Every structure is written in C-alpha cells, then in structure tokens.
1. Kirkwood Rh and Cα-based Rg: tell me the resulting Rg over Rh for the range 33-191, rounded to two decimals.
2. Report the trypsin sites (Lys or Arg not before Pro) located in the range 82-191 that are in a DSSP loop and have at most 15 other Cβ atoms inside 10 Å of their Cβ, or state none.
3. Over 15 Å apart: what share of the alpha carbon pairs of the range 1-69 falls there, rounded to a whole percent?
4. Please list, ordered by chain and number, the residues whose modelled amide H lies under 5 Å from the amide H of residue 88; skip anything fewer than 5 residues away on the same chain.
5. So how far apart, in nm, are the two label points at residue 66 and residue 10 if each is 7 Å from Cα heading toward Cβ?
6. What does the charge dipole of the range 59-153 about its Cα centre add up to, to the nearest 20 debye, if the Cβ of each Lys and Arg holds +1 and the Cβ of each Asp and Glu holds -1?
7. Can you give the Rg to Rh ratio of the range 1-118, both from alpha-carbon atoms, with Rh computed by the Kirkwood formula?
8. Under a Cβ-only charge scheme (Lys and Arg +1, Asp and Glu -1), can you give me the dipole magnitude of the chain about the Cα centre, in debye to the nearest 20?
Amino acid sequence: MSFTRAELKSFTGATLPDLIGGGVRLLFAGINPGLRSVAVQGHFAPRGNRFFPALLRAGITDHLIDASAGMSAADRAHLLDQGIGITSLVARATASADELGPAELVKGARALAGRILPFRPPVVAILGVTAYRIAFESPRATLGRQPADLASAQVWVVPNPSGRNAHASLDALAAAYREAALAAGVPVRDP
C-alpha cells in the first residue's frame, strides 16, 4: 500500500484507536501515531519501524506482525490474548514527533493516566526517554523502571523503536521490552 506525500500529509491531526482490552497487562505508549499508521489504521505501520520485530525477538509474540497495510484481526487478537495493549501519549498524528510541543506532551501524559484507569494494567511502557522526560516532567529520567507509578501501574521507559533511534539496536529494544513484559506478568517465550 503506497501513498503520495500529499496523501500522507492529509492524515495530519487524525487519530488511531487504542489497541487495549480488559486483560491488558503491558500497555505500550508510543509518543504519537505517524501519518502512515493512521492512513492504514495500524500501530507502528512503517516498514522500518522495529516495534513488532522487537516484540518477536523478546518472545512476547510468536510471529512477526506486519502492520504495514493495517493490522489484521488475527494479529490484534493475538496481542490482546498476550495481554499487550498499544496507545499513544498524544493522539494526533504528525509526520514527526518533533512537531509536538512540551505542553502537548504533558497534557498527553495526564490524559494517559485517565485512559488507563478502567483497564488497570500492571505496567505501562513509555516508548522513548526524551518524550518521557518532557511529558512526565522528569528531566533526569533514564531507561528502565521509574520510581513513580501512573494510576497504580508501574512505569517503565523503554527505547523508542523508530528508525530515527538507530543507536538502540534491535537486541536492546527486545531486551528492554522483555524486561517490562516480565514485570507485567506477560508470558514470554525463549528468544
């Protein structure tokens, strides 16, 4: 599925529904959806995004999910069956997370706290330390378990899977995601 730049740009400001269910144990919170993800209505849709390869390598999924043309019902069900959910700090789509201002990220963190209350996941994993530092007003935060919880959920900061975060290898992503999954009680397979 291909789009022109103009077609993708037309999705600026659009949203992507959360993937979340009653049995969520580990909720991954990206910064905000990209234009391609909204266009195809699939989280982490760009082919270069390493989110789903990292989940597979971490033993969280049993197959490689390809959301490049949208996420299949079977893949949605598989993630939910595993206790995995996906949301974003900021709902509106942009071409780059750099287009979000600090106030919008802070507001998104507050909204996330309210959004997770009905589901009560044991762990929320924020994808990206820089966004976390701004959104949660914690400028010295590092990767890993954070000292403060969010609506009774443990907060973990894990590397962002975007190709723009090239200094974090796929193995580093998988290790961080696996650690958060284990803390959440998600069943993982041997990598």
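The values are calculated or read from the model by the stated rules, or taken from the named source; none is laboratory data. It should be emphasised that the depicted structure is a prediction, and the values quoted were computed from it without experimental measurement. We place every Cβ from the backbone using ideal geometry, glycine too, and count neighbours over all the protein chains shown. Quick note on the areas: whole protein, heavy atoms, side chains included, nothing else; ligands and nucleic acids left out. Shrake-Rupley method; radii C 1.70, N 1.55, O 1.52, S 1.80 Å.
1. Using only Cα positions, Rg/Rh for the range 33-191 is 0.93.
2. For trypsin sites (Lys or Arg not before Pro) across the range 82-191 that sit outside H, G, I, E and B with at most 15 neighbouring Cβ atoms in 10 Å, the list reads 140, 164, 189.
3. For the range 1-69, the fraction of Cα-Cα distances above 15 Å is 59 percent.
4. 30
5. Placing both labels 7 Å along Cα→Cβ, they lie 2.6 nm apart.
6. About 400 debye.
7. So for the range 1-118, dividing Rg by the Kirkwood Rh gives 0.96.
8. 240
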